[in-house]
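All remarks here apply to the structure that follows.
The values are calculated or read from the model by the stated rules, or taken from the named source; none is laboratory data. Computed from a prediction, not measured in an experiment: that's the story for all the values here. Positions of Cβ are backbone-derived with ideal geometry, glycine not excepted, and every protein chain shown enters the neighbour counts.
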């Protein structure tokens, strides 16, 4: 299983993401944002951080990086893509996921654990969890308030595309407590919490490890056994 | 061709929560500016565009807004064109 972790100038969760993927058994490697070749990636991961300093809007400049054409082509061909935090913001800006992430309702940058519920297990990044599992994972963002047009929100709910939802406490004012969503094909997933920061028992439990274990467990099946 | 000075104003969509505007409104009240409401915080981008006409410069800037300067999901924009001296 080949996992490409994209590095933008300002990415800062790239190493954690790569390690979490490797820990799950994947072959993880970095792809610089100026590269245009994903080197036969099965999965692409866009890590957290502050690509391009979040100038203009979080993710707004990163989506024009040369590598994004390859990421979009990979996604359009049915390839699995995971965006974590800043990666989620980039996927929205790039149009691979609907909606946008705006300034937290309370204005403050939030860095703390939150509880999220796994709403959908039919994605390559959540299949290893039981439906309804509650995961305590860290968030670390200033712009995590998920916003979308009313008809988009209705479609996300009707089609079961809300993957993760905050429970007990909505930290940023996200619509419908949304913490993570997927595309119509269920191959592209974006989430604000950081599973890669909760994927090592040494760091106090590994509830996020299932995101990376899911890739190993389900992607071969989803790809028709070709990988 | 002329050089047209363009200002793009990008504002959070009126129907969406603007926590920055709320915080500024609160601070203005604390400073003693009573009766201030509907404070919203957006962003202005100024640029100079080479174009044959003002209308062409406006059209270019509008395209820039749609593709980069504004997020169509959350923001509205306005393009103001004035000829540079």
So for the stretch A:149-162 (the condition being more than 14 Å from chain B (Cβ to nearest Cβ) and within 14 Å of the chain's Cα centre (by Cα)), does at least one residue qualify? yes
Which of the residues that make up the stretch A:92-118 are crowded, with 20+ Cβ neighbours inside 10 Å, in contact with a strand residue (DSSP E or B) (Cβ under 6 Å, 6 or more places away or on another chain) and either more than 13 Å from chain B (Cβ to nearest Cβ) or under 21 Å from residue A:205 (Cα atoms) (or both)? A:96, A:114, A:116
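Test of understanding: among B:15, B:37, which residue is within 30 Å of residue A:174 (Cβ to Cβ), within 14 Å of chain A (Cβ to nearest Cβ) and out of contact with any strand residue (DSSP E or B) (no Cβ under 9 Å at 6 or more places or on another chain)?
Working: B:37 fails: within 14 Å of chain A (Cβ to nearest Cβ).
Answer to the check: B:15.
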Residues in the stretch B:61-78: is at least one surrounded by 12 or more Cβ atoms within 10 Å (Cβ to Cβ) and farther than 27 Å from residue A:147 by Cα? no
Enumeration of residues in the stretch B:43-60 that are more than 12 Å from chain A (Cβ to nearest Cβ), surrounded by 15 or more Cβ atoms within 10 Å (Cβ to Cβ) and in contact (Cβ under 8 Å) with a residue 12 or more places away in the chain: B:49, B:51, B:54, B:57, B:58
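Could we say that residue A:186 is under 16 Å from the mean Cα position of the chain (by Cα), on the phi > 0 side of the Ramachandran plot and either at pLDDT 95 or above or buried (at least 24 other Cβ atoms within 10 Å of the Cβ) (or both) here?
Working: under 16 Å from the mean Cα position of the chain (by Cα): yes; on the phi > 0 side of the Ramachandran plot: yes; either at pLDDT 95 or above or buried (at least 24 other Cβ atoms within 10 Å of the Cβ) (or both): yes.
So residue A:186 fits the description; yes.
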Restricting attention to the stretch A:39-75, report how many residues are under 17 Å from the mean Cα position of the chain (by Cα), within 14 Å of chain B (Cβ to nearest Cβ) and outside any helix (DSSP H, G or I). 3
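Would you confirm, using the coordinates I've provided, whether residue A:144 is surrounded by fewer than 24 Cβ atoms within 10 Å (Cβ to Cβ) and out of contact with any helix residue (DSSP H, G or I) (no Cβ under 6 Å at 6 or more places or on another chain)?
Working: surrounded by fewer than 24 Cβ atoms within 10 Å (Cβ to Cβ): no; out of contact with any helix residue (DSSP H, G or I) (no Cβ under 6 Å at 6 or more places or on another chain): yes.
No: the conditions fail for residue A:144.
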